[in-house]
Each structure stands twice: as structure tokens, then as C-alpha cells.
Amino acid sequence: MSTAEKTRPAERTRAADRERKREPRIADEHGRRVRGWELALRYLLLLGVLALTIGPFLWQLSTSLKGPTEDIFSSPPKFLPSDPTLHNYERVADTIPVWDYALNSLKVAAANVVTNCVGAALAGYALARLRYRGRRVATLVFILAMLVPVEGIIIAQFTTMRELGLNNTLVGVVLPGCVSALNVLLMRNAFLNLPYEIEEAAFVDGANVWQRFLRIALPAVKGTLAVVAIFAFMGAWDDFLWPLIVLSDPSRFTLTIGLNYLHGTFANDERLVAAGTIIAVAPLIVLFACLQRYFFRGVGEGAVKG
């Protein structure tokens, strides 16, 4: 075989490699090649989910910015207001004491966040790291507590609050949800992912249980703690049924109950209701924007930093 014949296969191989490099290659997170139609289908599904989740909020925002002369029921509907105005938000403040209601909701939500973060962290650490009799039974009790619907125990909760003299108080609103079973299990799973060798080394160095909890375990689960804070704030801020039952003094109403007064008996102003809805949703968006870094980091909680 001549030298030219020997070099031809190598040249063909190099040419094929160059052609492959020129071709655009789309791969997923595992390095597998993704076909063009599969990628287009994924984006179409994502756009559909985005429209279903964000679309109603954007429509409410658009309605709240429309003036009284604009037809919000026009066909085809107009998404962008022709003359945006903030007058509807001023009307909400004139119709109900919205800022007083928002302050009451903020008090309840802040107390709920503190009690859930502290209580869920302590209970989750005890279920995950401490050794004692009945630990599995205690975990099973928290799991079973998640299966009980709130409506099935709400009468018992109301009776308990009445016996304690906490009816018509914000403390009575906070107390039943001060520690959620879901949040306890979330913290338990986060603590379970921590390597035992770290705590054993701290124990050998003379660290007690509180020192191991505060200095080793708790700083390693900040992401899950942020998830608990977001869930606790959202649950307290959006709650409607329990504050409606336990509160009777209008000065102590939370925002969700106060916004109900924007609905008239015989007529509704959709622009007014939309503006009140945006006022109620805005704090949740701000909270998630501030904690989103820790929220998404909570998925990989428990990793060892080297």
C-alpha cells in the first residue's frame, strides 16, 4: 500500500470530524442530543404553562390600570390599557382601610414565619439527628397530621381558641398554624442529608447538642429554611377561612377578609377588585424575589463544602 493510500483514510476521518464540529449540536443536562422538534415541543409546553400561571396575574394588573372609560369586557379583549392610571389603587384605600388590614396581615405572617422557622427547625433536627424511643412514631404522627383536612378540625380549633380567650385576637389567628407538619418534615429531610461524620467530630471536640445544632446543622440548611419561610408567609398571608371565623372586630381584620368588602351586594367594580388583588399579591412577589436564591438552593441541601 502506497503512502498516499495510507493517508486517505486519515484525511477522510479528519474531514468527517470537521463536518461534525460545524453541525450545531443541542444537548440536555446529561449530554444527550436533543432533536429540534423535541426542543420546540418543550418550549411550547413551557409557554403554555407560563400563560396559565402568569396570564391571570397580568390580566388583573392590566385591569387595575384601566380607567373608568375603558371597556374591560370588550371583544376582542385589550390587554394593554390605552390610558394607564393609578386611580383605582387610590379608590381601594378610600373604600376600605387597606393599609391597616395589610399591617394586620403582616403581623400575622411575620409571627407565622418566626414560629415555623424556629419550631420546624427544632422539631426537624430532633427527628433526624437525635436518638430516642418513639422517634419513628413521632415522624409518623407528623405525616398523618398532613392527611387531616383543615375543615375537619376547624370547629375544634375555634372551641380551643374560645376556651383560651383568644377569640377575636391576632394571636388566635397565628396559633393554629404556628408550626406546620409539612415544614417539620421538610427540615427533617434537610437535616438527614447532613453527613454524620461532621457532628461526630464536633462531639469529640466537646460540642453539646445546642452547639451542634446552631453552629453546624442550622447553617447548612439555609436553603430549606428559606423554603419554610416562604411557605409559612404565603400560608398566613393568603389564609381566608380561619381569620374569617375567629375574628369579628373589623379593626383586626386581615387583608384577605378586608378585600371581601370590595365586592358589592348588587354591583361589582372589577377595576377596584383587581387593584386590591394586586396589593395583596405584591408582598408575596417581593418576598420570593428576595429569597429565590436560597429557595432554589434548598434542593441540594446538605452538601459538604470543601
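The values are calculated or read from the model by the stated rules, or taken from the named source; none is laboratory data. None of the values given here were measured: they were computed from a predicted structure. Don't worry about glycine lacking a Cβ; one is built from the backbone with ideal geometry, like all the others, and counts go over all protein chains shown. We work out accessible area using only protein heavy atoms, side chains counted, and drop any ligands, DNA or RNA first. Shrake-Rupley method; radii C 1.70, N 1.55, O 1.52, S 1.80 Å.
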Exercise. Does the stretch 274-284 include one or more residues that are open to solvent by less than 80 Å² (accessible area, probe 1.4 Å) and more than 21 Å from Ile54 (Cβ to Cβ)?
Worked result: no
For this session: Quick one: in the stretch 130-141, of everything that is at pLDDT 90 or above and either open to solvent by less than 60 Å² (accessible area, probe 1.4 Å) or of a type in the set (Val, Ile, Thr) (or both), which residue is nearest to Ile245 (Cα to Cα)?
Result: Val141
Problem set entry | Total residues in the stretch 234-249, condition open to solvent by 50 Å² or more (accessible area, probe 1.4 Å) and among the aromatic types (Phe, Trp, Tyr) | 1
Exercise. Leu127: in the same structural domain as Leu284 (by the TED database), buried (at least 16 other Cβ atoms within 10 Å of the Cβ) and not in a helix (DSSP H, G or I), yes or no?
Worked result: no
Exercise. When the residues of the stretch 232-258 are filtered to those that are without any contact (Cβ under 8 Å) to a residue 60 or more places away in the chain and closer than 16 Å to Ala109 by Cβ, which remaining residue is nearest to the chain's Cα centre (by Cα)?
Worked result: Met234
Exercise. Could we say that Val174 is in the same structural domain as Leu255 (by the TED database), part of a helix (DSSP H, G or I) and either among the hydrophobic types (A, V, I, L, M, F, W, C) or open to solvent by 70 Å² or more (accessible area, probe 1.4 Å) (or both) here?
Worked result: yes
Exercise. Can you find even one residue in the stretch 104-122 that is farther than 22 Å from Pro283 by Cβ, touching a residue at least 24 places away in the same chain (Cβ under 8 Å) and buried (at least 17 other Cβ atoms within 10 Å of the Cβ)?
Worked result: yes
